[in-house]
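The values are calculated or read from the model by the stated rules, or taken from the named source; none is laboratory data. What you see is a predicted model, and the numbers here were worked out from it, not measured in a lab. Methodologically, a virtual Cβ is constructed for each residue, glycine included, from the backbone with ideal geometry; neighbour enumeration extends over all protein chains shown.
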Amino acid sequence: MTQRSLEMTAPKLQVTDNTKLLTGATGVASDAAPLKLRALRKRWRKDLPLVLDDLDLTLEPGTTTWVGGRNGVGKTTMLRVAAGLIEPDSGRAEVWGVAPAENRVRYQQLVSFLPAGDRGLYARLTVRRQLEFWARIAMVPRERFRETVEHAIATFDLGELAERRVDRMSMGQRQRLRIAMTFLPDPEVVLLDEPLTSLDNEGAVLIETAIAEVLARDGAVLWCSPSGEHLDMTFDSRWIIEQGRLVAA
């Protein structure tokens, strides 16, 4: 099974049963958090400086975290490591105590990643068909399939667009659909890379509603964007990446 993420060529996402891993048979420490990044180091080429240099970050249950910084400082690299898409040169990423190398399937069930850009959509599918396809990829149980798709349509106010093809939608409408796909399988950890791109104010408010649902089940959200000045959301912590490490913003 490959990583379920909007970043992949074939759209894939995560589904979770919302069951936390506890100390005992699982061997997971009782202080496990939704997401922990520990001493991450990543260099793309030997002749280039480190993109991530002993970067540490912990997301506590029911919290939102914003990470900013100019383009090219490592925000997307950090998110891709956190999503299990790439491996760090050293260090560890874990979601509820699970590292990708230890249990990749379980890791993928817990985390959902929205990359920047316009990936993950099929031009000839309608909004409803795209969400239905995504729900199948996400292994949504048959008894919850229709409910899950309809909930995504309602949460992101896609009802009037449900039968419209993707290639006939505006950039803002496509972004709203991609965000609906990200939240569709009820992930425990949501990783967002510049989610407000092309999105109108109404769409931004709908993201807040979806985030509130994640936080209500003790999940966590990591939001990355170059600048936080345009964000009206209240974040539990704010950081900036400088020279491969996080500093308080």
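Within the set of pairs 6+ apart or on separate chains, which have a first residue in segment 175-186 that is within 20 Å of ARG146 (Cβ to Cβ), a second that is crowded, with 24+ Cβ neighbours inside 10 Å and of a type in the set (Lys, Arg), and C-beta atoms under 9 Å apart?
Hits for this filter: PRO185/ARG4.
Before we move on, is VAL149 hydrophobic (A, V, I, L, M, F, W, C), crowded, with 17+ Cβ neighbours inside 10 Å and either closer than 30 Å to TYR107 by Cα or touching a Leu at 6+ places or on another chain (Cβ under 7 Å) (or both)?
yes
Looking at this structure, is LEU57 under 25 Å from ALA210 (Cβ atoms), more than 14 Å from the chain's Cα centre (by Cα) and either assigned to a loop (DSSP other than H, G, I, E, B) or aliphatic (A, V, I, L, M) (or both)?
Here the answer is yes, as LEU57 does meet what is asked.
Which residues, taken from segment 25-46, are under 22 Å from the mean Cα position of the chain (by Cα) and at pLDDT 90 or above?
ALA33, PRO34, LEU35, LYS36, LEU37, ARG38, ALA39, LEU40, ARG41, LYS42
Do we have any residue at all in segment 154-164 that's surrounded by fewer than 23 Cβ atoms within 10 Å (Cβ to Cβ), at positive phi, touching a residue at least 60 places away in the same chain (Cβ under 8 Å) and not in a helix (DSSP H, G or I)?
Looking through segment 154-164, none of the residues is surrounded by fewer than 23 Cβ atoms within 10 Å (Cβ to Cβ), at positive phi, touching a residue at least 60 places away in the same chain (Cβ under 8 Å) and not in a helix (DSSP H, G or I).
Looking at this structure, is VAL81 among the β-branched types (Val, Ile, Thr) and modelled with pLDDT of 95 or more?
Answer is yes for this residue.
Take the conditions free of Cβ contacts under 8 Å to residues at least 24 places away in the same chain, under 22 Å from GLU60 (Cα atoms) and not in a helix (DSSP H, G or I) and apply them to VAL190. Does it pass?
no
Determine, yes or no, whether ALA32 is in contact with a Gly (Cβ under 7 Å, 6 or more places away or on another chain), within 20 Å of GLU188 (Cβ to Cβ) and either not hydrophobic (A, V, I, L, M, F, W, C) or not in a strand (DSSP E or B) (or both).
Against the criterion (in contact with a Gly (Cβ under 7 Å, 6 or more places away or on another chain), within 20 Å of GLU188 (Cβ to Cβ) and either not hydrophobic (A, V, I, L, M, F, W, C) or not in a strand (DSSP E or B) (or both)), ALA32 qualifies.
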